[in-house]
Amino acid sequence: MHAIIEAGGKQYRVAPGEVIRVEKMDAEKGASLEMPSVLAVFPDEGGVLTNDQLANAKVVATVTGQDRAKKVIVFKFKRKKQYKRTIGHRQHYTELRVNEIVV
(Lines give C-alpha, C1' and ligand atoms only; values in the text may rest on other atoms or scores of the structure.)
Protein backbone atom coordinates (compact mmCIF):
# COMPACT_ATOMS: atom_id res chain seq x y z
CA MET A 1 0.00 0.00 0.00
CA HIS A 2 1.23 3.49 -0.77
CA ALA A 3 -0.22 6.98 -0.62
CA ILE A 4 0.28 10.46 -2.03
CA ILE A 5 0.52 13.15 0.67
CA GLU A 6 1.02 16.91 0.61
CA ALA A 7 3.52 18.60 2.94
CA GLY A 8 5.07 22.02 2.61
CA GLY A 9 3.41 22.70 -0.74
CA LYS A 10 4.93 19.59 -2.34
CA GLN A 11 3.52 16.11 -2.99
CA TYR A 12 5.26 12.92 -1.90
CA ARG A 13 4.64 9.23 -2.63
CA VAL A 14 5.03 7.32 0.65
CA ALA A 15 4.80 3.74 1.82
CA PRO A 16 5.12 2.28 5.35
CA GLY A 17 8.76 2.06 6.43
CA GLU A 18 10.07 4.75 4.05
CA VAL A 19 12.08 7.78 5.19
CA ILE A 20 11.31 11.07 3.43
CA ARG A 21 12.60 14.63 3.72
CA VAL A 22 9.96 17.37 3.77
CA GLU A 23 10.23 21.09 4.31
CA LYS A 24 10.86 22.12 7.91
CA MET A 25 8.03 21.38 10.36
CA ASP A 26 7.76 22.48 13.99
CA ALA A 27 8.15 19.13 15.74
CA GLU A 28 10.67 17.60 18.13
CA LYS A 29 12.80 14.58 17.22
CA GLY A 30 10.90 11.40 18.09
CA ALA A 31 7.48 13.06 17.92
CA SER A 32 4.64 11.30 16.13
CA LEU A 33 2.81 13.26 13.43
CA GLU A 34 -0.45 12.63 11.60
CA MET A 35 -0.52 13.91 8.04
CA PRO A 36 -4.21 14.56 7.28
CA SER A 37 -3.66 15.92 3.76
CA VAL A 38 -3.77 12.57 1.94
CA LEU A 39 -4.49 13.09 -1.75
CA ALA A 40 -4.68 9.43 -2.88
CA VAL A 41 -4.33 5.94 -1.43
CA PHE A 42 -3.41 2.91 -3.52
CA PRO A 43 -4.17 -0.41 -1.75
CA ASP A 44 -2.23 -3.60 -2.54
CA GLU A 45 -5.22 -5.04 -4.44
CA GLY A 46 -4.92 -2.25 -7.03
CA GLY A 47 -7.13 0.70 -7.81
CA VAL A 48 -7.54 3.99 -5.98
CA LEU A 49 -9.71 4.85 -2.99
CA THR A 50 -12.64 7.16 -3.71
CA ASN A 51 -13.52 10.41 -1.96
CA ASP A 52 -15.77 8.76 0.66
CA GLN A 53 -13.04 6.39 1.83
CA LEU A 54 -10.30 9.00 1.44
CA ALA A 55 -11.94 11.45 3.87
CA ASN A 56 -10.82 9.38 6.88
CA ALA A 57 -7.37 8.47 5.53
CA LYS A 58 -4.24 9.72 7.26
CA VAL A 59 -0.54 8.91 7.32
CA VAL A 60 1.20 8.43 10.69
CA ALA A 61 4.91 9.30 10.72
CA THR A 62 7.69 9.78 13.28
CA VAL A 63 10.20 12.64 13.15
CA THR A 64 13.70 11.15 12.89
CA GLY A 65 15.64 14.39 12.49
CA GLN A 66 15.82 18.12 11.79
CA ASP A 67 18.76 19.31 9.72
CA ARG A 68 19.94 21.40 6.78
CA ALA A 69 20.67 20.07 3.29
CA LYS A 70 24.01 20.36 1.51
CA LYS A 71 24.96 23.80 0.29
CA VAL A 72 23.82 24.80 -3.18
CA ILE A 73 26.07 27.35 -4.87
CA VAL A 74 24.32 30.06 -6.89
CA PHE A 75 26.60 31.88 -9.34
CA LYS A 76 25.31 34.91 -11.23
CA PHE A 77 27.33 36.17 -14.18
CA LYS A 78 26.95 38.71 -16.97
CA ARG A 79 29.61 38.62 -19.62
CA LYS A 80 31.53 41.74 -20.62
CA LYS A 81 30.08 43.68 -17.65
CA GLN A 82 32.42 42.52 -14.85
CA TYR A 83 29.40 41.31 -12.87
CA LYS A 84 29.85 38.16 -10.77
CA ARG A 85 28.01 37.14 -7.61
CA THR A 86 28.39 33.91 -5.69
CA ILE A 87 26.01 33.00 -2.90
CA GLY A 88 25.17 29.76 -1.16
CA HIS A 89 21.93 28.36 0.24
CA ARG A 90 21.18 25.53 2.69
CA GLN A 91 17.54 24.45 2.93
CA HIS A 92 16.12 23.33 6.29
CA TYR A 93 14.32 19.99 6.27
CA THR A 94 12.54 17.54 8.55
CA GLU A 95 13.16 13.83 8.11
CA LEU A 96 10.12 11.59 8.62
CA ARG A 97 9.78 7.82 8.90
CA VAL A 98 6.35 6.67 7.69
CA ASN A 99 4.87 4.21 10.21
CA GLU A 100 1.48 3.39 8.73
CA ILE A 101 -1.25 4.47 6.37
CA VAL A 102 -4.63 4.46 8.14
CA VAL A 103 -7.69 4.21 5.90
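The values are calculated or read from the model by the stated rules, or taken from the named source; none is laboratory data. These figures come from a predicted structure and were not determined experimentally. Using ideal geometry, Cβ is built from the backbone for each residue, glycine included, and neighbour counts are taken over all protein chains shown.
Here are the numbers:
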read-out: Residues of segment 1-19 classified as assigned to a strand (DSSP E or B), more than 12 Å from LEU96 (Cβ to Cβ) and either at pLDDT below 90 or among the small types (Gly, Ala, Ser) (or both), total; value: 1
read-out: Residue list for segment 15-30, restricted to those being closer than 22 Å to ARG68 by Cβ and surrounded by 12 or more Cβ atoms within 10 Å (Cβ to Cβ); value: GLU18, VAL19, ILE20, ARG21, VAL22, GLU23, LYS24, MET25, ALA27
read-out: Hey, LEU96 more than 25 Å from ASP26 (Cα to Cα), surrounded by 14 or more Cβ atoms within 10 Å (Cβ to Cβ) and of a type in the set (A, V, I, L, M) or not; value: no
read-out: Filtered residue count, segment 62-88, keeping only those that are closer than 30 Å to GLY17 by Cα and in a strand (DSSP E or B); value: 8
read-out: Residues satisfying the stated conditions in segment 42-54, i.e. surrounded by fewer than 11 Cβ atoms within 10 Å (Cβ to Cβ) and assigned to a loop (DSSP other than H, G, I, E, B); value: ASP44, GLU45, GLY46, GLY47, THR50
read-out: Only listed residue being in contact with a Leu (Cβ under 9 Å, 6 or more places away or on another chain) and more than 17 Å from ASN99 (Cβ to Cβ), chosen from VAL22, VAL48, VAL38; value: VAL48
read-out: Selected residue (criterion: surrounded by the most Cβ atoms within 10 Å (Cβ to Cβ)) from residues of segment 56-93 that are among the small types (Gly, Ala, Ser) and modelled with pLDDT of 95 or more; value: ALA61
